[in-house]
Each structure stands twice: as structure tokens, then as C-alpha cells.
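Single-structure report; data block below.
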Amino acid sequence: MKAAVLTNLNSDLEIMELEVPELTSGQILVKIKAAGICGAQINQKKGIKINPKFLPCLMGHEGSGIVEKIGKGVTKVKEGDKVVLHWRPSKGLESDFPKYKSKREVIGSGLVTTFSEYSVVSENRLTKVTSKLDFPQLSLFGCAITTGMGIVDNEINLKKNESIAVFGVGGVGLNVIIASKLKNAYPIIAIDRSSAKLKKSKELGATHFINTTDVKNLEEELKNIIPSFPKYNVETTGNINLIAKSYECLSSGGTAVLVGQPNNNEKLILENFVSNYIGKTLLDTSGGKINPDKDIQKYLDLLMSSNINLENLIYEYYSLEDINKAFKLIEEGNDFYGRVVIVFE
């Protein structure tokens, strides 16, 4: 099978032919149909939250496909089932880590990977779904959609007419916007440096917009919209300065949720902490605390019944062979919105 392999940090992924290993207890062979590229993979490539000793390795944690074969002990799915692959643990066995082989070496893998034509996945890292959605849209339920929806539902429990600002309206941020609209929150403030992302956030439910390239004082811009600052801020970029702003620009008793990951060794500085920040909460999200076996199908049904066009969440499609072009598009921070998705024939 063909696979995209991370062989060296800060280098292009290498397209290799790999042998699919024999299945062991709790493992499932999935024919991958589509895979989204999450910011986590960009960070892996940069060496954030990955130890170089695990290279070379496969990547990807957000995908969709068809079950090809099941290993010993698997009861959750059967051959032919349509599944969503996710990094959040769910029901089922947790298998050993699979090891693939190239012509020259062993290629490591996690319990779920998606940048390959086939993937050996742990039973507790996939969920069967019933849907007529195309596979690229289904793949987003592995992380982008469920994280955004879960933050709003499970981690802050946003209610009608409560205020929220989203710092960075990319793959996860747009889904926070959608979830906030479904909760009838107000105002829903989109903050980004990209006019394309802000335009897309308006289509998906944001009520106010701040383009950070056009403003000198973010605090004043927010106060012009809501003088007491929002009750909830969700920060998705990992930018240290914006993380600090997301915490500073909260109403009394408010909560800032961190989604993006800062670079290694960066320090977060909150000035005048004791006098200014009493009663506020700084929360590091855990994928929206979703239960994949329950929430993936629930959100699928909710978004379909709400007539949300999930095509609006996908900016571009690439083949596996062109995955480095997709990474480059994301890394350069071009004026695009939503997810970039790898599709397989």
C-alpha cells in the first residue's frame, strides 16, 4: 500500500510502499477513503509533542473509511461497515501499536493513522456510522467537527444569549461557530487575520468580526462589541499573544478554552494576574470531551437535520501523492478556510 511517512522533522513526508502487518487482537484493517489534516499533524512535523526516536512514522488522526478485516476479539464492527477514525478513545479493545515495513526499515504507527491507503486501527479508535454523507465530509467527524461541537456542549455548556469569541476560525474554530449558532448564543465574535476565514464564519453563524491585521487594539475592538468582554473565549491558533488576550479579555467568571498548541519552550505571561484575573478559568480542551460512540452519530444527525452544509468546512482536496502541497498550503497560512482533506481513489 502507499503511505505518507514522516521520516525527519521539518521535512516533507515521503510517499512509500509499505507492507500491511497481520492483524493482532483488537486491530481492524480499514480502507481509508478520506483524511483531514489537523493542526496536530503540522505540529508533529515541527517536532511539537513528538519524540524524534519514534521516526519514521505514519500520521493522521481524522479520517473515514470502510472496514476490510477484523482481528481477534473485535466485536464493535464487521467487514463492510462505514467508520469514522478518531483519536479520542471509545469502546472496544485497545490494541498494540502496529508496525509496518518498507523495503529498508520498520515504520512506526499510532493506534490510529490515516495518511495511507489502508490503516491498522485499534478497535477503540473508530466508530461505525450510518450516513449518506460523502467520505471527505465524514472524515471531519474524527476531530474538527466533534472537537468544536464538544467544546460548546461539554466543556463550557454554552447557553442561549451567552457571549462567545473564537480566536482563529479555522478547522475547529468554524465548528465552534456552528455549535454556538445552534445554541442561539449572542454575540458570536469571529477573530482572525484571514478575510476568507472571517467571510466563511459569517456564512456559518458568526454575528461580529474582528480582522487582527486591521486593528491596533484588540481589547478596544472587543469592548466596542461587548463592553464587559465575552463570557467565553476559544483560542485555536496556539499563538502565545492571542492565548494571553483570550484570557485577559474575559468577563468576570468567564472561561478561556485553549485548542491550539504553542511552540516548544514558549512561555505564557499574564500581567497583573492577581488583580485582574480573579474568578476566570483557563481550560485546555481535551477534544471537546466527546464520547465518540455516542457523539459522532449524534452530531451527524444534528447537523443534517439543521441543514448545515458541511462542504463549507472543506477548502480543498488533495491526493495522497500531493500531501506535501497540502501541508505547504496550511503551513504558509494562506488566505483559506476550514480543512484540507486527502482523498483516496
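The values are calculated or read from the model by the stated rules, or taken from the named source; none is laboratory data. Bear in mind the structure is a predicted one, so any value in this text is a computation, not a measurement. Virtual Cβ from ideal backbone geometry, glycine too; neighbours counted across all protein chains shown.
Inclusion of Val152 among residues that are in the same structural domain as Gly39 (by TED's automatic domain parsing) and of a type in the set (A, V, I, L, M) is not warranted. Taking the criterion of being within 26 Å of Lys199 (Cα to Cα), out of contact with any helix residue (DSSP H, G or I) (no Cβ under 8 Å at 6 or more places or on another chain) and in contact (Cβ under 8 Å) with a residue 40 or more places away in the chain, the only residue of the range 292-322 that qualifies is Met304.
Restricting attention to strands (runs of 3 or more DSSP E) lying wholly within the range 240-345, give those where 1 or more residues are surrounded by 20 or more Cβ atoms within 10 Å (Cβ to Cβ).
Numbers: elements: 255-258, 281-284, 314-318, 339-343.
Because the criterion is at least 1 residues that are surrounded by 20 or more Cβ atoms within 10 Å (Cβ to Cβ), the strands (runs of 3 or more DSSP E) in the range 240-345 that meet it are 255-258, 314-318, 339-343.
Within the range 203-239, the residues that satisfy the criterion of being surrounded by fewer than 20 Cβ atoms within 10 Å (Cβ to Cβ), in a helix (DSSP H, G or I) and in contact (Cβ under 8 Å) with a residue 24 or more places away in the chain are Glu203, Leu218, Glu219, Ile225. Would you be able to say whether some residue in the range 185-196 is closer than 19 Å to Thr281 by Cβ and not polar (S, T, N, Q)? Yes, that holds for at least one residue.
Any idea which residue in the range 309-343 is farthest from Val129 (Cα to Cα), counting only those that are modelled with pLDDT of 95 or more and of a type in the set (Val, Ile, Thr)? Of everything passing the filter in the range 309-343, Ile323 is farthest from Val129 (Cα to Cα). Can you tell me which condition Arg88 does not meet? The list is (1) outside any strand (DSSP E or B); (2) surrounded by fewer than 22 Cβ atoms within 10 Å (Cβ to Cβ); (3) charged (D, E, K, R), and all the others hold. Exception for Arg88: condition (2). Could you go through the range 177-191 and let me know if any residue there is free of Cβ contacts under 8 Å to residues at least 12 places away in the same chain and over 13 Å from the mean Cα position of the chain (by Cα). Scanning the range 177-191 turns up no residue that is free of Cβ contacts under 8 Å to residues at least 12 places away in the same chain and over 13 Å from the mean Cα position of the chain (by Cα).
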